[in-house]
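For reference, the structure is listed below as structure tokens.
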């Protein structure tokens, strides 16, 4: 039995709200957990890409934690903007916010993937690919769905012509 489009739409919107909140929480984590040890495995993965098996200078780790904190703050704002666009798209049932989210993802992903590949940080390519897979299909579906005229629009236009 097919899922009604309104049910699917609501599920996809909830999914995107969750994704936006995850961006916000990941940004907070990156900003404030750099010195906690929580991100040591990730930091070591990056360090190996640049330093290989050599000992990593403490100043390099400190700089990396600093950059990670800055990126986390940026990710927090992205998460907030994403949350706002999901909310606007949901409330207005408009294709435009979904289109802007798609545009932002398509602007970010190829650049992030190229930069990551150049540095041989393969975990980022996997993560980016996963993000594309879980974000773009719902956004494209919502864009197409919300571009369609609603039944009430058709009924009012039909009554105006009749």
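Quick notes on this one:
- Pairs where the first residue, in the range 101-126, is at negative phi and assigned to a helix (DSSP H, G or I) and the second is loosely packed, with under 15 Cβ neighbours inside 10 Å and at pLDDT 95 or above, C-beta under 8 Å, 6+ apart: 102/140; 113/129; 125/117
Results for (1) surrounded by 15 or more Cβ atoms within 10 Å (Cβ to Cβ); (2) within 30 Å of residue 145 (Cβ to Cβ); (3) touching a helix residue (DSSP H, G or I) at 6+ places or on another chain (Cβ under 7 Å), shown as yes or no for each residue.
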position	(1), (2), (3)
45	no, no, yes
61	yes, no, yes
72	yes, no, yes
75	yes, yes, yes
98	yes, yes, yes
101	yes, yes, yes
107	no, yes, no
117	no, no, yes
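The values are calculated or read from the model by the stated rules, or taken from the named source; none is laboratory data. A quick note: this is a predicted structure, and the numbers were derived from the prediction, not measured. Don't worry about glycine lacking a Cβ; one is built from the backbone with ideal geometry, like all the others, and counts go over all protein chains shown.
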